[in-house]
Amino acid sequence: MPGPRTHEDGARWAARRGETWGAGPWAVVDPDTGGPGPSRALRLWVPVVLSALVQLGGVVAMLRVGPHPPFFTALTVALALAGPAALIGARRFPGPVVVVNALIAVSTMAFGVYGGPIPLAFAFALAGAVVRGARIWAWASLAGAWLVVLLASLVLEQLSWPPPRVIGTVLGLVVAIGFGELLVARRQRMAAFRAAAARRRQSAAEEERMRIARELHDVLAHSLSQINVQAGVGLHLAESRPEKAVEALASIKQASKTALDDVRAVLGVLRDDAEAPRAPQPDAARIADLVASTGVPGATIALDDGLTGELPAPVGAAAYRIVQEALTNVARHGHGVTRVDVRLAHEPGGILVEVRDDGDAASVEPGRGVTGMRERVEQLGGAFELVQDGGVTVRAHLPTGGEQP
């Protein structure tokens, strides 16, 4: 036949409901996860052994002063050991253990020899209850115990303690609770610190994933778009103008090689591979080559490069990627485009990057490419615009950190 329900049965039943039995201020289950510091066994047994030695030593010292009835002597020794013994269950039942120790402390004051020894086990139980989440149990037990002692001392005069001992014991127990509160506050600060560190790591990882996604998108989208355009040209002119088809194939070969080199460079950074091929890093100086190698069917591309001097590397890379993505979008989505103007110019505090086509612009739905351009600009503290004024104009204002001519 099944045995009686145990405390563990209740804990499992609460766990199935997604709860912790006795959690919160009335906790009867220890939430301690055993983080860095002393081992769980050490944190359990040090209070037990220390309080047993101190309380039993106090009883021995009291019994040396004059003869005492055997019954009260045995009762005092038993109560001195009962409190430490109850601490063995403090990890699983912090609330009930502090109540038991409060009752033991009151009984010792009432029936023990000279009021019994210092209630060190009660102090440990109070601190442990606060640390383990049973704060209300701790304060209620302390208040209840001293209320009983006060009422009993008014009725039974022999319960009266010397005022210094009363004050000292009360202060000691309050300090024990305060020590527990300090440990709780420290644990909460450490948990908040770890959570903030985890959020920072997650944010950094997310930003790195976004950066890699933008790089791969810009590289692959541009190269594959050019390969698609040149392949279409080659198929169209294969019979009528074979020499143009050969040029298209050569362009496809060059575009695919560039894309492979860029992808290998990105993967090399991810693997931290020093021997990975390093493609030239994108910067404003390479925009002219980019424009020359980019083809938009039925359109001419004109570059107005008014930049002089060197730009900060992040600004130059952003300018290159913005022009690259804008030209890719024109090649893929442009309709009726006959001319594309790329303009680079200095402006107060930064540079202007503008790519404009004269096509018949329908409604533009921003995709990953437009989102990537906007993110690049905003990360540098600049401003991004996507304007539909007959054609489509991509305009970015990139700060360089100083006045430019």
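Taken together, the values in this text are just the output of simple stated rules run on the coordinates, not laboratory data. Nothing here was measured: the structure is a model prediction, and the numbers come from that model. Note that we place each Cβ from the backbone using ideal geometry, even for glycine, and neighbour counts take in every protein chain shown.
Where does each of 114, 320 land when they are ranked from fewest to most other beta-carbon atoms within 10 angstrom?
Values: 114 17, 320 21.
Result, fewest neighbours first: 114, 320.
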Averaged over all directions, how much area does the convex hull of the C-alpha atoms of segment 81-155 cover when projected, in nm²?
4.5 nm²
Evaluate the distance, in nm, between pseudo-label points positioned 7 Å from the Cα of residue 167 and of residue 63 along their respective Cα→Cβ axes.
3.3 nm
Restricting things to Cα coordinates, could you compute the convex hull volume per residue of segment 283-405 in Å³?
90 Å³
Would you order 65, 392 from fewest to most other beta-carbon atoms within 10 Å of each residue's own beta-carbon?
65, 392
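Counting other beta carbons within 10 Å of each Cβ, put 323, 296 in order, fewest first.
Ascending number of Cβ neighbours within 10 Å: 296, 323.
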